[in-house]
């Protein structure tokens with residue numbers, strides 16, 4: 001997929017777990033969200049990161065084809081997926097900031113680069 005200079009809307013979320021071990025399990029369990037979201041029109045990708053400078057901090061970046069695709073997911077579906085996740089993830093966590101701007105979704109993916117293994 002060509003990413004260069006495409007303005008895909010980016011959903012950027014942060015979550016806080018109690019420690020790095022639980023954060024890793026959070027990322028594993030987040031597969032529930034990834035599988036569910038990937039069935040909707042416009043889903044491009046998701047990437048998860050651990051902040052080793054702040055153990056327990058999880059960053060999740062979700063890329064969409066269009067803002068309309070992203071915002072068209074029914075609220076009932078989001079509630080259902082959230083409940084499924086919370087049932088599968090047994091540890092407490094906190095929702096952190098959403099780094100995307102809720103007014104204009106100012107983050108856009110412009111370039112994606114991966115190094116081929118030789």
Full-extension gain between residue 71 and residue 34, please, as 0.36 nm times their residue separation minus the C-alpha to C-alpha distance.
11.7 nm
What distance in nm lies between label points placed 7 Å from Cα along the C-beta direction at residue 41 and residue 95?
2.6
Is the shape of the stretch 8-109 best called rounded, prolate or oblate, per the rule: a/c under 1.5 gives rounded, else a/b larger than b/c gives prolate, else oblate, with a ≥ b ≥ c the square roots of the Cα gyration tensor eigenvalues?
oblate
Treat each spin label as a single point 7 Å out from the Cα along the C-beta direction, and report the residue 25 to residue 84 distance in nm.
2.1
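Just so you know, all these numbers are worked out from the coordinates, no wet-lab data involved. Predicted model only: the values in this text are computed from it and were never measured. Cβ atoms come from the backbone with ideal geometry, glycine included; neighbour counts cover every protein chain shown.
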